[in-house]
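What follows is calculated from the coordinates using simple rules that are stated; it is not laboratory data. All values derive from a computational prediction rather than experimental measurement. No Cβ is skipped: glycine too gets one built from the backbone with ideal geometry, and neighbour counts run over all protein chains shown.
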Amino acid sequence: MDNCIFCKIIKGEIPSYTIYEDSKMKAFLDVNPNSNGHVLVVPKEHVRTIFEIDPILLKDMISTINEKIYPLLKERLSIEGLTIIQNNLLGQEVPHFHIHLIPRYQEDGIKTIFDKSKIKDVKEIYEKLK
Ligand code: AMP
Ligand code: ZN
């Protein structure tokens, strides 16, 4: 897709710190990382959100994270945990589907990912969902 920064990275028009690539996906370091070794995993096909991605491709991406990227991060960076985040629409800065892999370390000082100060009572939400 024209004007998509991640499509440009996939085509090699913009440089990236790529750590894994195959015919379906690419994984590269986030340039503004939330922790040391923050990786973005992106499909080569341009789709915006998880609601449009081919579920088989998504499954392949998860398998690749589990079998290739997580072991690499564990072996080379000695990560001790991995927080996985994926934004759709609101909170999504780049409109090309991507999975954030945020390595965690015992002493990383990250306390919470979410601000819980404006959350309603769980029972009130359950009444709308059940
Ligand atoms: P999101 O808010 O989920 O869309 O996250 C987009 C992420 O892409 C942010 O964490 C940015 O730091 C990252 N990002 C933006 N441009 C680049 C780039 N050229 N190379 C690597 N990461 C990028
Ligand atoms: Zn794109």
What is the one condition in (1) free of Cβ contacts under 8 Å to residues at least 12 places away in the same chain; (2) within 16 Å of ligand 1 (Cβ to nearest atom); (3) in a helix (DSSP H, G or I) that Asn66 does not satisfy?
(2)
With Ile9, Ile19 as the choices, which residue is surrounded by 14 or more Cβ atoms within 10 Å (Cβ to Cβ), within 11 Å of ligand 1 (Cβ to nearest atom) and among the β-branched types (Val, Ile, Thr)?
Ile9
Any chance the stretch 78-90 includes a residue that's hydrophobic (A, V, I, L, M, F, W, C), touching a Ser or Thr at 6+ places or on another chain (Cβ under 7 Å) and either in a helix (DSSP H, G or I) or exposed (fewer than 15 other Cβ atoms within 10 Å of the Cβ) (or both)?
yes
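Mind checking which residues of the stretch 22-31 are within 8 Å of ligand 1 (Cβ to nearest atom) and loosely packed, with under 11 Cβ neighbours inside 10 Å?
Selection gives Val31 alone.
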Being within 14 Å of the chain's Cα centre (by Cα) and not basic (Lys, Arg) is the filter here, so list the residues in the stretch 23-35 that pass it.
Met25, Ala27, Phe28, Leu29, Asp30, Val31, Asn32, Pro33, Asn34, Ser35
Could you go through the stretch 11-30 and let me know if any residue there is within 12 Å of ligand 2 (Cβ to nearest atom), without any contact (Cβ under 8 Å) to a residue 12 or more places away in the chain and either closer than 16 Å to Glu93 by Cβ or not in a helix (DSSP H, G or I) (or both).
yes
Could you tell me how many of the residues in the stretch 96-106 are surrounded by fewer than 16 Cβ atoms within 10 Å (Cβ to Cβ) and either in a loop (DSSP other than H, G, I, E, B) or near ligand 1 (Cβ under 8 Å from one of its atoms) (or both)?
2
